[in-house]
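Reviewing the structure listed below.
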Amino acid sequence: MNISPAKRYRLILSAVHMVYRLVNSTYTVKELTLRLTRLLCQFIRASSASVYILDANKKSIAEASYNNQINIWREGPGDLKAVSREVIGVTRGDTVFARTCIGLPLVADDYLGAIFVRRLAGDRPFDAFDREMLSVFAEQAVTAVKNLQFNEEHEQVILGSIKSIGHFLKKKGGWGMTHTAAYTRIVQMLGRQLKVSREGMRALEYASLLHDIGVIDIPFSILAKRGSLTSREFKIIRRHTAHSVALIKPVAFLKPVLPVILYHHERYDGTGYPSGLKKEQIPLGARIIAVADAFEAMVQERPYRAPVGVDAAIGEIERNSGTQFDPVVVEAFLALARQKNFRKFLSLFRRQAYNAVHEY
């Protein structure tokens, strides 16, 4: 394909700009590589594209692929034996340049993986300019992948440190300081049912893990108290939302989570705390967390009361639709609860909640 120097320059500049925009609107390696494969098919006119990312120990590999119809992510621990020798060779520094396939290594300080584009046998063969364009994408992508990997590792260290506080308190026997794996799952399922955005789902995940972490500043004698709380003790308990926000506020990537955490005890009718917000004044994430919180609280044993059954908890949430809870979120919860598999999951939710209390 004959391309003038001016057009070549414009195409290369366009590729750099497109990857730059992609990187600045992407938060995870998975999301970046999936979107990159779609961009490659469009820009290089490939029939399919794949990006392979090695783990830190070079023992397993993840793959993002696109064939102009389906975008797929296959995550480790995928054994390296599961991919072709051709792919393994490129992840170790080889290159592939053939009529229907180009493969280049992703190289920073070391080999991070590989990037491939392919065409069908009847398509126009790849040429030197296609290889040059793929090289531009590879060079831009490898820096982004490296930075995102570092950020993800950094985030996990911070999240792990914060969650360890809750696990420590849980061992001491207090209530409401950690949530089961089922709790996070139910929050995510509600988010998907309500078609929450990608960024909103990420905030929901973090909020489900961290929203009660501020109880570390609540006297343990109150948290572990058997019997009803006094009005003074309840006021102290109410401060935990502000304490949670203060604890994680210095962490920049958690900034979008703060409103969800601060307002997850607001009520739809405006009688909640800390600010008496009502209806749509309350962030959607906080309204979702409120329903999941209430369900878990009812089916989980607490020092001052026995748990209730799954059906009773669902009925209580339905009865409080429009007062304590957002009717839209309640309807999403009830729609899920009518599904057989979800009902089984709610039973698992209750067992995990029981085990969380009795395992120490």
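Within 21 Å of LYS58 (Cα to Cα) and assigned to a loop (DSSP other than H, G, I, E, B): does that describe ASP123? Judged against the criteria, ASP123 is not a match. Restricted to the stretch 40-80, and to residues there that are outside any strand (DSSP E or B), among the aliphatic types (A, V, I, L, M) and surrounded by fewer than 19 Cβ atoms within 10 Å (Cβ to Cβ), the residue that is modelled with the lowest pLDDT is LEU80.
Residue check: VAL16 meets all listed conditions (1) modelled with pLDDT under 90; (2) over 16 Å from LEU134 (Cα atoms) but one, namely (2). Looking only at residues in the stretch 87-120 that are assigned to a strand (DSSP E or B) and small (Gly, Ala, Ser), which one is farthest from LEU54 (Cα to Cα)? Looking at the filtered set, the residue picked out is GLY103. Pairs meeting the criteria (first residue in the stretch 293-305 and farther than 16 Å from PHE345 by Cβ and surrounded by 14 or more Cβ atoms within 10 Å (Cβ to Cβ), second residue polar (S, T, N, Q) and modelled with pLDDT of 85 or more, beta carbons under 8 Å, at least 6 apart or on different chains) are ALA294/ASN320; ALA294/GLN324.
Scanning the stretch 195-224 for residues that are more than 22 Å from LYS255 (Cα to Cα) and either at pLDDT 85 or above or surrounded by fewer than 18 Cβ atoms within 10 Å (Cβ to Cβ) (or both) returns PRO219, PHE220, SER221, ILE222, ALA224. Taking first residues from the stretch 209-236 that are assigned by TED's automatic domain parsing to the domain that holds ALA306 and partners that are among the small types (Gly, Ala, Ser) and in a loop (DSSP other than H, G, I, E, B), the Cβ contacts under 8 Å between residues at least 6 apart in sequence or on separate chains come to ASP212/GLY176; VAL215/GLY174; VAL215/GLY176; PHE220/GLY174; LEU223/GLY174; LEU223/GLY176; ALA224/GLY173; ALA224/GLY174. Can you tell me which residue within the stretch 19-37, out of those that are surrounded by fewer than 16 Cβ atoms within 10 Å (Cβ to Cβ) and part of a helix (DSSP H, G or I), is modelled with the highest pLDDT? Per the criteria, the residue is ARG21. Restricting PHE129, PHE137 to residues that are surrounded by 15 or more Cβ atoms within 10 Å (Cβ to Cβ), farther than 24 Å from LYS58 by Cα and either among the hydrophobic types (A, V, I, L, M, F, W, C) or modelled with pLDDT of 90 or more (or both) narrows the list to PHE129. Among residues of the stretch 238-270 being without any contact (Cβ under 8 Å) to a residue 40 or more places away in the chain and part of a loop (DSSP other than H, G, I, E, B), the one that is farthest from GLN324 (Cα to Cα) is PRO250.
The values are calculated or read from the model by the stated rules, or taken from the named source; none is laboratory data. Values in this document were obtained by computation on a predicted structure and should not be read as measured data. Virtual Cβ from ideal backbone geometry, glycine too; neighbours counted across all protein chains shown.
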